[in-house]
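Notes for the one structure printed next.
Just so it is clear, none of the values below were taken in a lab; they were calculated from the coordinates. For clarity, every value in this text was computed on a predicted model and none was experimentally measured. So basically every Cβ, Gly included, is an ideal-geometry build from the backbone, and we count neighbours across all protein chains shown.
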Amino acid sequence: MNNHGQALIEVAVFFMVLSVLLGGLCGFTKWIAIREKLLLAAKQGAFMYSSGHMERAEAEERMRQFLIAGSPPLNPGGIRVSVHPLDGLENKYYSLDESVADYVPPGGWNYLLGADPKITERCVIKHAPHYWAPFQTLSGPAVPYGS
């Protein structure tokens with residue numbers, strides 16, 4: 001029996017499998033990093049808008065600029081951000097605001113897996129009460145700064 005090329009074939013198969021595993025690890029790591037960045041943008045957008053000191057357009061623009069800059073930088077064409085009062089019965093009683101950050105990465109391996117490439121993160125937060133409001137909602141009066 002002649003098995004001179006067996007080691008070469010085993011090494012070639014090993015490195016092919018290793019490259020697929022490393023590619024999958026890198027793709028998953030990038031997906032997690034993008035998702036964490038979207039979550040941070042959604043939280044901060046909700047905080048900025050619900051404070052009452054920032055208009056909707058300004059909060060959305062700051063969210064968009066945060067997602068474009070930094071690491072990992074996201075493609076501006078795939079970003080969609082929205083900050084608005086939450087719809088529904090809860091909003092009538094609790095004054096809830098919702099912040100949504102969506103991202104669709106360009107290209108990728110999603111089509112091979114049949115997965116939806118869109119990544120969405122949401123944050124719902126109670127709108128801060130106004131200090132001059134004659135009637136306070138169920139949450140009670142606003143707490144002065146520094147208390």
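3J(HN,Hα) along the stretch 96-105, derived from phi through the Karplus expression 6.51 cos²θ - 1.76 cosθ + 1.60 where θ = phi - 60°, amounts to 8, 10, 10, 10, 10, 10, 10, 8, 10, x Hz, with x in place of Gly and Pro. Can you pull out the GluC sites (Glu not before Pro) in the stretch 26-109 whose DSSP state is coil and whose Cβ has at most 16 other Cβ atoms within 10 Å? Here the sparse-neighbourhood loop sites are GLU55. What is the mean projected area of the alpha carbon convex hull for the stretch 20-104, to one decimal in square nanometres? With every direction weighted equally, the projected area is 6.6 nm². Phi-derived couplings, Karplus 6.51 cos²θ - 1.76 cosθ + 1.60 at θ = phi - 60°, listed residue by residue for the stretch 16-33: 5, 5, 4, 5, 5, 5, 5, x, x, 5, 5, x, 5, 4, 5, 4, 5, 5 Hz, with x used for Gly and Pro. A Förster radius of 30 Å combined with the Cβ-Cβ distance from ILE9 to ALA115 puts the calculated FRET efficiency at roughly 0.35. Taking 0.36 nm per residue of sequence separation and removing the Cα-Cα distance, the MET16/ALA33 pair yields an extension gain of 3.5 nm.
Toward the positive end of the charge dipole of the stretch 31-128, with +1 on the Cβ of Lys and Arg and -1 on the Cβ of Asp and Glu, the farthest Cα among MET63, GLY45, ASN75 is that of ASN75.
Each residue of the stretch 40-54 is assigned a 3J(HN,Hα), and the resulting list reads 5, 5, 5, 5, 5, x, 5, 5, 5, 6, 6, 5, x, 9, 9 Hz, derived from the Karplus form 6.51 cos²θ - 1.76 cosθ + 1.60 (θ = phi - 60°), x at Gly and Pro.
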